[in-house]
Amino acid sequence: MNRMWLIAWHEYAMRVLKKGFLLAVAALPVFVIAMVGLGAFIESTERDDRPLGYVDVAGALGDPRPPVAWARGPDDVGAARLVPMARFGSADEALAALRRGEIQAYYVLAPDYAQTRRVELYYLKAPGGNATRQFWSFLQVNQLGGLDPAVAERATAGSNLTVRWPEGTPGGAREFSPRTFLSNFLPMILAMANIYVLISTSSTLIEALVTEKENRTIEIMLTSVSTEQLVIGKVIGIVGMTLTLLAGWAALSVAAVWIGGQVFHLAILQNVRVDGGMALRMLVVAIPSLVLLSALVVALGITLSDAHEAQQTSGLFVLPSVAPFWFSMLIFQNPASPILTILTMVPLTALTMLALRLMLSAVPGWQVAASAAITALAAVGATWLAARAFRLGLLRYGKKLSLREIMGRSA
Amino acid sequence: MNTVEVSHIRKSFGTARAVEDVSFSAEPGQILGLLGPNGAGKTTSIRIILDIYRADSGMVSVLDGPMTEGKKARIGYLPEERGLYQDLPLEPCLLYLATLKGVAPKVARQRLGEYLERFDLAAHKNKKVKELSKGMQQKAQMINTVLHQPDLIIIDEPFAALDPINTQMVKDLILQLRDGGATILMSTHQMHQAEELCDRIVLIDQGRDVLSGKLDEVRRRYMGHAVIVRVAGELPPLEGVASTARQNGSLRLALAESASPQDVLRQLVAHGAAVERFEIAVPTLDEIFIRAVKEGTTS
């Protein structure tokens, strides 16, 4: 096996074939499940399915239709459980029922309800959020009593906006709607994954290099392999480790989406599609971005001689990847803004900015190509810089290497 | 054919001149001692040979030509600062480094087993390197240096941290490798070790080689015209002795130019002196080292 691949495999196996790695793979899904579980638990504590009373003093509701299922979102499975609405002739009857525990609360529609829309709520303990939401839905449906029930239900459901970019749009045809919600957010998910890859790769790579330098292992290694084999082998191994972790998480996510969509019939998980063109556009920028970051980290790691300092400094390179989030408001308002276009071309911010823009609009192909080309050029330059820094700094201890020295003739 | 040829190399780091002008060569089946005080430029010279550093000027030939990636598999290197993977168990650590030298895993495993037995490390092969004593790590590093059966072995202070028993083990290995035809370049400032092992020496001081040659020739060059004598009782009066000085319970007799050691011995026998010790005063490498450095500084 080529020595570079031996190093790559060694770096990979040393980190992946460990119990700690399996725990790391399982950690995120466990965390997400725990968070969702916690949310469900909190939700359940706020839920109350007992009947809700109302007193229609004004006679505004006449012969009311029962409430319709009110869903806060397509995955609100609890919405199907309706809270019975109990009508009382007077406030005293309702109060007596409340005290007996037959109802959780009751509303009183004011005598001048038609003019003021005034409604009073009476309770001993605050009613469940599901019950109050259903009461408002109940009121709305019955306000629209003259309409076809289906129309009334649709009117109470609110807006359902779908944005479509037709064929021929720069960047291709796309659709943005609640139905494709998760698919639309895939670029954002990929951007977050990319930031994780950058953080993980840079911190692990810098740690591996500085530790090897501190332990003097690097001197042994360089009597067996070239600097290029050493550095590229390490980068491949460490990126491989990060991608394995991501693949593990992706597999668990796919399984979760499938189970959620097909077994539990959660609407949000039933129309998840991966846009191949979008993924390709991100990939052509992601690869040179990763090479660029790795080269910068190598240059930094070899010029420093203290692992702690190196860890702290490595964050500087990841910061630009997060910076596009500062422009979130502008991205939502005008994804084609010139500032955002420029940031799509700037190496290190390019990938995240591209992802955020792809989430909300179509990005012209020339911008993607220019971004990939500029990032690739920067990666070549950074690799050249890293190679010079490596030779000068690999056995220097206790004294930092200056940029002037790296650029100097003796490197 | 020389395995290593170094000719007038020079290397600076910024304004600091680490190597000023160093030249030497080493042949197969020979141990060349690279001697000198701390900071003389020995390790920098070694790193230039290994192409870890590039010389500012001068020429280096390794295994019949410039250093190449392919030649790295024929070189074994024990650096002064030891550098094994601290968090790896000993056996996988050494196997990994051996495979980087191009040794097939199966062969590496077999050879490693033999070396671990020889150096009493077999029982510790599953321990992490950082759990081993300094001496054990030193032996492990020595195994790493020779496991791939290199033609050129460069060892920097190989006896540091070793007790006498382990020192002897390493010495025996070095001599065995030398007898097997390997070229050994040994950097040390432990003169008695160099004296015992080296066929040739190069003395480096302040970045320059101030003395080089076969050990016997160097000794002869620095040999004074004197004898060391110890007799029971008083030393009889002797002709041709210019001065007398006490030295470790014996007397060091500096001879006049016209006198020879044989003349002195004859006179002692003629006087009926009970001679307990009589030897021609040969300077130790320590003494040669100090004199050469002083002369180098003076000149």
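Rule-based calculations on the coordinates, nothing more; no lab input. Note that the coordinates shown come from a computational prediction; the quantities given were computed from them, not determined experimentally. In this analysis, Cβ positions are derived from the backbone assuming ideal geometry, glycine residues included, and neighbour counts consider all displayed protein chains.
When both bridge partners sit in region A:48-159, DSSP labels roughly 40% of those beta bridges antiparallel. When chain B is treated as a Gaussian network with alpha carbon springs shorter than 10 Å, the biggest mean-square fluctuation among B:189, B:271, B:148 belongs to B:271. Residue order for A:21, A:264, B:278, B:24, fewest other beta carbons within 10 angstrom first, comes to A:264, A:21, B:278, B:24. Across all directions, the shadow cast by the convex hull of the protein assembly as shown built on its C-alpha atoms averages 49.0 square nanometres.
Each Lys and Arg adds +1 at its Cβ and each Asp and Glu adds -1 at its Cβ; summed about the Cα centre, region A:81-125 shows a dipole of about 220 debye. Dividing the summed -39500 (n - 2.57) terms of all DSSP H runs of n ≥ 4 by the residue count of chain A sets its mean residue ellipticity at 222 nm at -20000 deg cm²/dmol.
Taking other C-beta atoms within 10 Å as the exposure proxy, B:139, B:171 rank B:171, B:139 from fewest upward.
Simple rule: put +1 on each Lys or Arg Cβ and -1 on each Asp or Glu Cβ in chain A, find the dipole, and look at A:55, A:223, A:382; the Cα lying farthest toward the positive end is A:223.
Using a 10 Å Cβ count of at most 11 others and DSSP loop calls, identify the longest part of chain B lacking such GluC sites (Glu not before Pro).
Longest gap between qualifying sites, sites excluded: B:1-233.
Exceeding 22 Å between C-alpha atoms, which entries from my cross-link table qualify? They are B:42/B:294; A:18/B:128; B:71/B:127; A:234/B:72.
On the way: B:42/B:294 18 Å; A:18/B:128 15 Å; B:71/B:127 32 Å; A:234/B:72 19 Å.
In this structure, B:71/B:127 exceed 22 Å between Cα atoms.
With 10 angstrom as the radius, rank B:51, B:263 by how many other C-beta atoms surround their C-beta, starting from the fewest. Walk me through the intermediate numbers first.
Values: B:51 20, B:263 16.
So the residues, fewest neighbours to most, are B:263, B:51.
Using the alpha-carbon positions of chain B, Rg (one decimal) and Dmax (whole number) come out as 23.3, 72 Å.
Would you work out the Kirkwood radius for region A:48-159? I mean one over the mean of 1/r across all pairs of different Cα atoms, in Å.
Values: mean 1/r = 0.0693 Å⁻¹.
Evaluated on region A:48-159, it is 14.4 Å.
Within a straight-line Cα-Cα reach of under 21 Å, residue B:134 can be paired with the following lysines, leaving aside sequence neighbours fewer than 8 residues apart in one chain: A:213, B:125, B:171.
Could you tell me the calculated FRET efficiency between residue B:171 and residue B:244, based on Cβ-Cβ distance and R0 = 30 angstrom, to the nearest 0.05? Numbers along the way, then the final one.
Working: r = 37 Å, r/R0 = 1.24.
Efficiency for this residue pair is about 0.20.
Between A:385, A:139, A:230, the residue with the greatest mean-square fluctuation in the GNM of chain A (Cα pairs under 10 Å linked by springs) is A:139. Dipole of region A:48-159 (Lys/Arg Cβ +1, Asp/Glu Cβ -1, origin at the Cα centre): which of A:82, A:150, A:64 lies farthest to the positive side? Positive-end residue among those listed: A:82.
Take every Cα pair under 8 Å whose residues are at least 6 apart in sequence, average their separation, divide by the length of chain A, and the relative contact order is 18 percent. What is the distance, in nm, between label points placed 7 Å from the Cα along the Cα-to-Cβ direction at residue A:167 and at residue A:228? Modelled inter-label distance: 4.7 nm. Loop sites here are GluC sites (Glu not before Pro) outside DSSP states H, G, I, E and B with no more than 14 other Cβ atoms within 10 Å. The longest part of chain A free of them is A:168-411. Across A:310, A:247, A:150, mean-square fluctuation computed from a Gaussian network of chain A (C-alpha pairs under 10 Å connected) peaks at A:150.
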